[in-house]
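**Student:** Input: one structure, supplied below.
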Amino acid sequence: MKTIQLGHSDLHVTPICLGTMTFGEQVDEPTAHAILDRSLERGVNFIDTAEMYAVPPRAETFNATEIIIGHWLEKNPAARQKLVLATKVAGPSRNMSWVRGGSPDLTAADIVAACEGSLKRLKTDVIDLYQIHWPTRHVPAFGMLYFDPAKDEPCTSIYTQLEALHTLVKAGKVRAIGLSNESPYGVHEFVRLSEQYGLPRVATLQNPYCLLNRTVENGLDETMHRLGVSLLAYSPLGYSLLTGKYDASGLTGPDAPAEGRLAKFESTRKQRWGRPEALVAARRYNALARENGLTPTQLALAFCYTKWQVVSTILGVTSVAQLDENLDVWGTTLSPELLTQIDAIRWELRDPAQ
């Protein structure tokens, strides 16, 4: 895999990124270290994590993923020089009392303090890509469909957040910055202010993108293309709906995979990936894959791997075998006829996991 530049930054990453939100919840530390070893062995130079991880977020596992990665880096000091390491500061904690005491805001001081904590847990002197996990202001994200001005509340401005990130970049603690779960307005505003005031320019946006959620293509892709911001696509397998494992059993049936994310974590079923419409659409795409001699996983990942909008696809796995299966899809292409069939399903069912 050739590396690709992230935005206007000096970071160059592989088109596949190892996501780590399973580490510390579904994946224990020895298995996580084996996955990290294998990922590096197979040429992946990009790792993404967050202070909030593991997922689903719980007080007991807050920061656990960064700690696990830090232990691995401590054991493998040479690996750090080969990797682009990304992490995130959690946005306003809202219903998570263990994140900054449940603060509804993300201040400049919060950003700096969170970065210092991540550096310590990751046992590194610099974070290559530091991202804001979700916006401070109200946005329709995580399954919310509509922007509602009535939900706006006072919060730290984008300019002030950029100033805090600038402090970290000047101190040599962060190389480049990024966003996550952002809207076209947010991306434009971050870039506009950075250019106006000489502050760090956003290099990346990490948003959901898969067959069940292509909302990036509803104008956000043009924004990113014209501003030179790179898309990091997360949940390419639709929280495992696009692997086919739930096709027969459904999400809650007696035969549902006990260790699957949707079956295992009750709260998740109430969000976008657990909607009945998402399962209906997943079954259609998974059947289409099989009709064309592909596994559902191959179709879903090849779709992301080959889309011009995506610079790097973030894989979340629970075993070395899963990692190998997902990496082996690299190089698979989809015919124009198959892509037309995919688009026909989307036209009918839209984005059920929006």
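FYI, it's all coordinate maths here, none of it is from the lab. Predicted, not measured: the structure shown is a model, and the values here were computed from it. For neighbour counting, all protein chains shown are included, and Cβ atoms are generated from backbone atoms with ideal geometry for every residue, glycine included.
**Student:** Residue under question is Ile342, and the condition is that it be β-branched (Val, Ile, Thr), touching a residue at least 40 places away in the same chain (Cβ under 8 Å), surrounded by 14 or more Cβ atoms within 10 Å (Cβ to Cβ) and assigned to a helix (DSSP H, G or I); does it hold? Break it down stepwise before answering.
**Tutor:** Details: β-branched (Val, Ile, Thr): yes; touching a residue at least 40 places away in the same chain (Cβ under 8 Å): yes; surrounded by 14 or more Cβ atoms within 10 Å (Cβ to Cβ): yes; assigned to a helix (DSSP H, G or I): yes.
Yes.
**Student:** Given the structure, is Leu327 among the aliphatic types (A, V, I, L, M), surrounded by 18 or more Cβ atoms within 10 Å (Cβ to Cβ) and not in a helix (DSSP H, G or I)? Please lay out each step first, then the result.
**Tutor:** Details: among the aliphatic types (A, V, I, L, M): yes; surrounded by 18 or more Cβ atoms within 10 Å (Cβ to Cβ): yes; not in a helix (DSSP H, G or I): no.
It is false that Leu327 is among the aliphatic types (A, V, I, L, M), surrounded by 18 or more Cβ atoms within 10 Å (Cβ to Cβ) and not in a helix (DSSP H, G or I).
**Student:** Right, another one. Only one of (1) surrounded by 18 or more Cβ atoms within 10 Å (Cβ to Cβ); (2) part of a helix (DSSP H, G or I) is not met by Cys17, so which one is it?
**Tutor:** The single condition Cys17 does not satisfy is (2).
**Student:** Kindly indicate the residue of the stretch 141-160 that is under 22 Å from the mean Cα position of the chain (by Cα) and under 27 Å from Ala176 (Cβ atoms) and also surrounded by the most Cβ atoms within 10 Å (Cβ to Cβ) among those meeting that condition.
**Tutor:** Ranking the candidates gives Ile158 first.
**Student:** With the condition kept exactly as written, say whether any residue in the stretch 66-73 is on the phi > 0 side of the Ramachandran plot and either more than 15 Å from the chain's Cα centre (by Cα) or of a type in the set (Asp, Glu) (or both).
**Tutor:** Restricting attention to the stretch 66-73, the residues satisfying the condition of being on the phi > 0 side of the Ramachandran plot are none.
Among the residues of the stretch 66-73, not one is on the phi > 0 side of the Ramachandran plot and either more than 15 Å from the chain's Cα centre (by Cα) or of a type in the set (Asp, Glu) (or both), which makes the answer no.
**Student:** Being farther than 16 Å from Arg80 by Cβ and either buried (at least 21 other Cβ atoms within 10 Å of the Cβ) or among the aromatic types (Phe, Trp, Tyr) (or both) is the filter here, so list the residues in the stretch 27-55 that pass it.
**Tutor:** So in the stretch 27-55, the residues farther than 16 Å from Arg80 by Cβ come out as 27-32, 34-35, 38, 42-43, 50-55.
Result: Val27, Ala32, Ile35, Ala50, Met52, Tyr53, Ala54, Val55.
**Student:** Right, another one. Which count do you get for residues in the stretch 278-308 that are of a type in the set (Ser, Thr, Tyr) and under 21 Å from Arg350 (Cβ atoms)?
**Tutor:** So the count comes out to 1.
**Student:** Any chance you could count how many residues in the stretch 91-111 are under 22 Å from the mean Cα position of the chain (by Cα), polar (S, T, N, Q) and over 24 Å from His166 (Cβ atoms)?
**Tutor:** Final tally of qualifying residues: 1.
**Student:** Let me ask something additional. Identify all residues within the stretch 64-105 that are crowded, with 21+ Cβ neighbours inside 10 Å and among the polar types (S, T, N, Q); write none if there are none.
**Tutor:** Within the stretch 64-105, Thr65, Thr87 qualify.
**Student:** Residue by residue through the stretch 304-319, note down the ones that are in a loop (DSSP other than H, G, I, E, B) and either surrounded by fewer than 23 Cβ atoms within 10 Å (Cβ to Cβ) or of a type in the set (Ser, Thr, Tyr) (or both).
**Tutor:** Once the filter is applied, which keeps residues that are in a loop (DSSP other than H, G, I, E, B) and either surrounded by fewer than 23 Cβ atoms within 10 Å (Cβ to Cβ) or of a type in the set (Ser, Thr, Tyr) (or both), the stretch 304-319 yields Lys307, Trp308, Gln309, Thr318, Ser319.
**Student:** While we're looking at this one, here's another question. Please work out which residue is farthest from the chain's Cα centre (by Cα), limiting yourself to the stretch 290-303 and to residues that are outside any helix (DSSP H, G or I) and touching a residue at least 12 places away in the same chain (Cβ under 8 Å). It would help to see each step written out before you state the result.
**Tutor:** Restricting attention to the stretch 290-303, the residues satisfying the condition of being outside any helix (DSSP H, G or I) are 292-295.
Among the residues that remain, those that are also touching a residue at least 12 places away in the same chain (Cβ under 8 Å) are: 292, 294-295.
Values: Asn292: 28, Leu294: 25, Thr295: 23 Å.
Restricting to residues being outside any helix (DSSP H, G or I) and touching a residue at least 12 places away in the same chain (Cβ under 8 Å), the top hit is Asn292.
Rundown of residues vs (1) touching a helix residue (DSSP H, G or I) at 6+ places or on another chain (Cβ under 7 Å); (2) farther than 30 Å from Lys75 by Cβ, yes/no style:
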{"position": "Lys120", "(1), (2)": "no, no"}
{"position": "His133", "(1), (2)": "no, no"}
{"position": "Pro149", "(1), (2)": "no, yes"}
{"position": "Glu163", "(1), (2)": "yes, yes"}
{"position": "His166", "(1), (2)": "no, yes"}
{"position": "His188", "(1), (2)": "yes, yes"}
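**Student:** Hey, can you tell me all the residues within the stretch 203-223 that are surrounded by 24 or more Cβ atoms within 10 Å (Cβ to Cβ) and more than 19 Å from Met144 (Cα to Cα)?
**Tutor:** Passing the criteria: Ala203, Thr204.
**Student:** Going residue by residue through the stretch 187-200, is there one that turns out to be small (Gly, Ala, Ser) and under 19 Å from the mean Cα position of the chain (by Cα)?
**Tutor:** Checked the stretch 187-200: no residue is small (Gly, Ala, Ser) and under 19 Å from the mean Cα position of the chain (by Cα).
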